[in-house]
Amino acid sequence: MDREIVHNVVRLSEVTKVFKMGGLQVEALKGIDFAIKAGEYLSIMGPSGSGKSTLFNMIGALDKPTTGRVFIDEVDVAQLDAYELAWLRCRKIGYIFQTFNLIQVMTAIENVTLPMIFAGMSRDEYLEKGMELLRLVGLAERYHHKPSELSGGQQQRVAVARALANDPAIILADEPTGNLDLTTGEEIISLLKQLSTERKVTILSAT
């Protein structure tokens, strides 16, 4: 029986990032080399200012390295034009933020389906899939509630569902439990690990 070949979803090669602050040069990343395989759950730990968010911005194609190369599904991100980068961010990468970043005037289902609308999905398709994702995170009955009507943990569950909207290869969770109490934070981490196992989505979490 052939073994399933697991490919690298993300690969970084000698990545550096230098910021200029006045007359100073600050090295946020110093020659980072690593690879993440499909379906892995990886936590990056470090104090504030250690470069975690900078690294996430490289992997999420939100910023470019000073030197080195970033590959998503073995595509060199530096070779993509603006349109291709937008497509990559929409289809390949899901984002979860510490501050939830939900649109306050939109309901849970509207927040979850917004990336699908940008991806060109039909109304019937995106509503059905949005409800399926809200069921997955245990919030189907709150689909019509706005963020102000949800607890912090519930808002982060909506954010998790939104991150899954376009079946991304990787989810970047930047301190996803930072604004939650310990118990709620543990529930969110357990949910992410479950999704990683069941849906074979690669999750990179900073804490």
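Condition check: within 22 Å of F97 (Cβ to Cβ) and free of Cβ contacts under 8 Å to residues at least 60 places away in the same chain. Does F34 satisfy that?
Answer is no for this residue.
May I ask you to verify whether M106 is within 17 Å of the chain's Cα centre (by Cα), open to solvent by less than 80 Å² (accessible area, probe 1.4 Å) and more than 21 Å from F34 (Cα to Cα)?
For M106, the condition - within 17 Å of the chain's Cα centre (by Cα), open to solvent by less than 80 Å² (accessible area, probe 1.4 Å) and more than 21 Å from F34 (Cα to Cα) - is not met.
How many residues does the stretch 120-166 contain that are of a type in the set (D, E, K, R), more than 15 Å from L192 (Cα to Cα), open to solvent by 60 Å² or more (accessible area, probe 1.4 Å) and in a helix (DSSP H, G or I)?
Result for the stretch 120-166: 7.
Would the stretch 84-97 turn up any residue that is aliphatic (A, V, I, L, M), closer than 28 Å to E186 by Cβ and touching a residue at least 12 places away in the same chain (Cβ under 8 Å)?
yes
Could you pull out the residue among I189, I170, I203 that is open to solvent by 40 Å² or more (accessible area, probe 1.4 Å), at pLDDT 90 or above and of a type outside the set (K, R)?
I189
Among I189, I203, I117, which is more than 28 Å from V75 (Cβ to Cβ) and hydrophobic (A, V, I, L, M, F, W, C)?
Checking each option against the conditions leaves just I189.
Before we move on, is E40 modelled with pLDDT under 95 and charged (D, E, K, R)?
yes
Can you report the number of residues in the stretch 167-207 which are in a helix (DSSP H, G or I) and not hydroxyl-bearing (S, T, Y)? So that I can check it myself, show each step before the final result.
If we filter the stretch 167-207 for residues that are in a helix (DSSP H, G or I), which is where we start, we get 182-199.
When the remaining residues are screened for being not hydroxyl-bearing (S, T, Y), the result is 182, 185-189, 191-195, 198-199.
Counting residues in the stretch 167-207 that are in a helix (DSSP H, G or I) and not hydroxyl-bearing (S, T, Y) gives 13.
The values are calculated or read from the model by the stated rules, or taken from the named source; none is laboratory data. Small disclaimer: the values here were computed from a predicted structure and weren't measured. When we count neighbours, we look across all protein chains shown, and the Cβ atoms used for this are built from the backbone with ideal geometry, even at glycine. Each accessible area value is taken on the protein alone, full model and side chains, heavy atoms only, with ligands, DNA and RNA left out. Shrake-Rupley method; radii C 1.70, N 1.55, O 1.52, S 1.80 Å.
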